[in-house]
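Here's the structure we're looking at; comments come further down.
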Amino acid sequence: MRALTIIHEETLQMTNKVVVIYSGGMDSFTVLNRALKDGKKVYALSFDYGQRHVKELECASRICNKLNVHHKVIDISAINQLLTGSSLTDDIDIPEGHYEAESMKSTIVPNRNMILLSLAVGYAVSVKAEQVYYGAHAGDHAIYPDCRPEFVMKMNDVCQIANYEPVEIFSPYLNVSKTDILTDGINMNLDYSDTWTCYNGREKACGKCGACQERLEAFTENGIVDPIEYES
């Protein structure tokens, strides 16, 4: 009986572990807290892939320290040599305007989410986690192919067979908007003052890029004021 109890406890610990891809932005901050609210033991994973600034990563580290969440920031910036042509990684002007604008395609980093998910799945296997939480949502579908349901479903299929230990790709907000994500965060009483969404890394958020505009819309539609400062 004692042996069965130990095995049961070990199984519960294994299935309770999840890896959360945590950029430090508004969406992944909500995903992180959703996982905690779901009673998961969270292993937060952030990536320096050579993006224009590290303000999101700094936010991620502060939040994980505050929440006492296990957190790794992995430097894969050398990969930037292969992922060229994006305004998020190259010396190309960040476009202004809404996400649905054609110009926003310049913010696509080639194959980024497939790479980050693959690394997160490898980490999940190593820590015996059965899920990777990932913050794709419906607002990203128009511009980013690697945030669409068909991509997430295919990646999930692959990750069931890529290792001896199947890992599920779990996107709790895949089919809802950023407004809905914020609504869930508000219901969890989350404080968004230490999150960063802007594609620019200046002292204040620009308020003009697609990321800022979508974030501001979410706060407006929820009837509350965004706690971070904007240039305009």
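The values are calculated or read from the model by the stated rules, or taken from the named source; none is laboratory data. The structure presented is a predicted model; accordingly, all values stated were derived computationally and were not measured. With ideal geometry, Cβ positions are generated from the backbone for all residues, glycine too; neighbour counts draw on all protein chains shown.
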* State the number of residues belonging to the range 19-55 that are at negative phi and either out of contact with any strand residue (DSSP E or B) (no Cβ under 8 Å at 6 or more places or on another chain) or among the β-branched types (Val, Ile, Thr) (or both). => 19
* To do: State whether the residues of the range 152-167 include one that is crowded, with 19+ Cβ neighbours inside 10 Å, touching a helix residue (DSSP H, G or I) at 6+ places or on another chain (Cβ under 9 Å) and among the aromatic types (Phe, Trp, Tyr).
  => no
* Which of the residues that make up the range 173-232 are in contact (Cβ under 8 Å) with a residue 40 or more places away in the chain and polar (S, T, N, Q)? -> 177, 179, 195, 197, 200, 213, 222
* Asked: Could you say whether any residue in the range 111-129 is surrounded by 15 or more Cβ atoms within 10 Å (Cβ to Cβ) and either on the phi > 0 side of the Ramachandran plot or among the acidic types (Asp, Glu) (or both)?
  -> no
* Asked: Restricting the search to the range 37-83, which residues are surrounded by 14 or more Cβ atoms within 10 Å (Cβ to Cβ), under 21 Å from residue 228 (Cβ atoms) and polar (S, T, N, Q)?
  -> 46, 51, 61
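Table: residues versus (1) farther than 16 Å from residue 24 by Cβ; (2) assigned to a helix (DSSP H, G or I).
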site	(1), (2)
181	no, yes
186	yes, yes
207	yes, no
213	yes, yes
* Taking residue 34, is it surrounded by 13 or more Cβ atoms within 10 Å (Cβ to Cβ) and either modelled with pLDDT under 95 or not aliphatic (A, V, I, L, M) (or both)? -> yes
